[in-house]
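Each remark here refers to the structure printed beneath this line.
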Amino acid sequence: MLSHHISKLLRRSYSRAISNCRDFTSTNVETDPTKRDPAPFFFNKEIQQCLETLTTLDYNKVFRTRKDGYKQKPPEFKFLTDEELEEARKAAQYRAKKYLQMPPVVKERLEPSEPLCEDPALQDHDTVKYVFTDITYGLKDRQRSIVVREPGGTLRHAFWKERDRMIQTFLPKPERKLQKPKMFEDEYMKDLLNRNEYEFILDRACVQFEPDDPDYKAITREVYEHINAERHFDVLRSTRHFGPMVFHLVWTSNIDNLLYEMIETNRIEDAALLIRLYHMIHPTTKSAVEQCEHTDDVDFIMHYVRLESLKKDKIQKLLQSYKELQREREIVAEGIKQAHGISSENVNINK
């Protein structure tokens, strides 16, 4: 029910969001997904609402028992008044939203290129590099100045790998390792992916890397593409990684498998919302420019499939089957009403 109301709300602001995104993309010359900065899109309010709605909130999955090495607390049973029960529900909802807070999607960081200075007098003074790290208390990691003096006399900003190593050495973060864990190497990654340990991989990547780290970007991309190829979308649904995965698929214009899965599992509102999200990020595509006249979600999805989908035949057949099934359900529902002496005419008379 909540998903339905949010979907209607987003539908009203859909045209305005498309217009805003068109203005944004018109000023952004870079159209290659690898070069464009995804952050302004990802943190857009309407897009965040879409991603949160598509994630869905399943309390059983959010609060399930996790194998994270922490000791499990025994369950508590309490007698509550109606007011206390409502407060407990609000607290559970707040905690669930906190668990579903999405990792940010930002552009991959670039290495510093310009040296700070050249000092020929220090050339060959030593055979090793000297690293100078600001360890002032209270500074954010990105604010710390870390510079390197090369044996040739060049003074430069530290490369990102050097920065990460120095910060972890002097100001270690819990669970983060100095060296890249072996689980992210090819043979171990393949084994974890084949065992569907997607959430474990992504959680560990969030701990080990910064969101703009090339390793983080490569690992998450590999996981998302494996899920997309195997159509294991439900494994990440109701987790904090579902939204970034959907954003990645939309960003790379590769939503057909997810769209098919949503229609197949009768998530028609979610399928329509996914296409609206696609139009927000790609407002110059055919299906976004040629506005669909129908307000029905099925017709709206059909409009996108006809103009954009690479799996047009499969999805159209699935949509046709869905429409036929809906008609049969309506006939059965009407038959049940008539069997109980209830008809649309009687309802109107009573009103």
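The values are calculated or read from the model by the stated rules, or taken from the named source; none is laboratory data. Predicted, not measured: the structure shown is a model, and the values here were computed from it. Cβ atoms come from the backbone with ideal geometry, glycine included; neighbour counts cover every protein chain shown. The area values use the complete protein model at the heavy-atom level, side chains included, leaving out ligands, DNA and RNA. Shrake-Rupley method; radii C 1.70, N 1.55, O 1.52, S 1.80 Å.
Structural remarks
- A simple count of charges around residue 329, restricted to other residues whose Cβ falls under 14 Å of its Cβ and scoring Lys, Arg +1 and Asp, Glu -1, yields -1.
- Annotation: peptides 132-138, 298-304, ranked by per-residue average of other Cβ atoms within 10 Å with the highest first, follow the order 298-304, 132-138.
- Computed from backbone phi with θ = phi - 60° and the Karplus coefficients 6.51, -1.76 and 1.60, the 3J(HN,Hα) list for segment 137-149 is 5, x, 6, 6, 4, 6, 8, 6, 8, 10, 10, 10, 9 Hz; x is used for glycine and proline.
- Assuming charge only on the beta carbon of Lys and Arg (+1) and of Asp and Glu (-1), the dipole of segment 117-259 about its Cα centre is about 420 debye to the nearest 20.
- Calculated from backbone phi, Karplus (6.51, -1.76, 1.60) coupling profile of segment 334-340 in Hz, x at Gly/Pro: 5, x, 5, 4, 5, 5, 9
- Protection-proxy order for peptides 167-177, 217-227, each taking the mean of Cβ atoms within 10 Å per residue, highest first: 217-227, 167-177
- Computed in the context of the full set of protein chains, the accessible area of the chain at 1.4 Å probe radius has 53% of its extent on carbon or sulfur.
- Net lengthening on full extension, residue 254/residue 215 (0.36 nm per residue, minus Cα-Cα): 11.9 nm
- Each of residue 179 and residue 73 was given a label point 7 Å from its Cα along the Cα-to-Cβ line. The distance between the two points is 3.8 nm.
- Positive minus negative residues near residue 162 (Lys, Arg vs Asp, Glu; Cβ under 11 Å): +3
- Rounded, prolate or oblate (a/c below 1.5 giving rounded, otherwise prolate when a/b exceeds b/c) for segment 241-300 by Cα gyration tensor: oblate
- Between residue 109 and residue 206, the simple spin-label model (points 7 angstrom out along Cα→Cβ) gives 1.9 nm.
- For residue 100, no residue 5 or more places off, or on another chain, has a built amide H under 5 Å of its own.
- Where the Cα pairs of segment 115-158 fall when distances are cut into 5 Å bins, in %: 6, 24, 25, 19, 12, 9, 5, 0
- Three-way shape call for the chain based on the alpha-carbon gyration tensor, with the a/c threshold at 1.5: prolate
- On a per residue basis, segment 202-351 carries 49 Å² of accessible surface, using protein heavy atoms and a 1.4 Å probe.
- The chain: angle of helix 198-208 to the longest principal axis, Cα-based, in degrees nearest 10: 30
- Helix 2-12 vs. the chain, principal-axis angle (Cα, 0 to 90°, nearest 10): 80
- Spin-label model, residue 121 to residue 142: label points 7 Å out along the Cα-to-beta-carbon direction sit 3.7 nm apart.
- R0 of 41 Å, Cβ-Cβ distance residue 320-residue 90: FRET efficiency to nearest 0.05: 0.45
- The mean accessible area for residues of segment 115-158, using a 1.4 Å probe and ignoring ligands and nucleic acids, is 71 Å² per residue.
- Measuring r between the beta carbons of residue 155 and residue 37 and using R0 = 35 Å, the FRET efficiency lands at 0.70.
- Sum of side-chain charges, residue 55 neighbourhood, beta-carbon under 11 Å (Lys, Arg +1; Asp, Glu -1): +1
- The chain: calculated mean residue ellipticity at 222 nm from DSSP helix runs of at least 4, using -39500 (n - 2.57): -17000 deg cm²/dmol
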